[in-house]
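Have a look at the structure below before the remarks.
The values are calculated or read from the model by the stated rules, or taken from the named source; none is laboratory data. These numbers were taken from a predicted model, which means no experiment stands behind them. Here the Cβ positions follow ideal geometry from the backbone for every residue, glycine too, while neighbour counts run over all protein chains shown.
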Amino acid sequence: MNKSIEFTQSQIKAYENNANMFIVPIKESMQYGAETMENYVFTNRYTPIKKGDKDIFIQEEFRLYTETQIDYKADTPNINLEWQPASKMTKEQSRLTISECIDVKAVRVQDITHEEKNKY
């Protein structure tokens, strides 16, 4: 089974520059208790990939220029075109693939030091 992960333009540029550590958003949802009208927060935390996953393709904003040619927004961010959302990208349209996830670690963004970012 193929897995995909959606990257921002800056993450794509970092990947192209051989970065191997990325911050991936974690889904959180909020529900409200109907009976007492009190707020209950249910946090559903997950990452789209886990250690050992293979052949992960990167989704990014794109547009089909022709049937065989694709433009990627990260390459031309200042051009005002109608871009397809990253979630619509298929594995065949993706130009970036991660061969294997070697580690997943949950860290609060504000706790990542400059030295840790540079270590990876």
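Quick check on the stretch 23-31. Is at least one of its residues among the acidic types (D, E) and either in a strand (DSSP E or B) or modelled with pLDDT of 85 or more (or both)?
No: the stretch 23-31 contains no residue that is among the acidic types (D, E) and either in a strand (DSSP E or B) or modelled with pLDDT of 85 or more (or both).
Within the stretch 48-69, residues that are under 23 Å from A14 (Cα atoms) sit with their Cβ atoms under 6 Å from residues that are among the hydroxyl-bearing types (S, T, Y) and modelled with pLDDT under 90, at 6+ positions apart or across chains, in these pairs: F57/S4; F57/T97; Q59/S4. Number of residues in the stretch 55-101 that are of a type in the set (F, W, Y), out of contact with any Phe, Trp or Tyr (no Cβ under 7 Å at 6 or more places or on another chain) and surrounded by 12 or more Cβ atoms within 10 Å (Cβ to Cβ): the value is 1.
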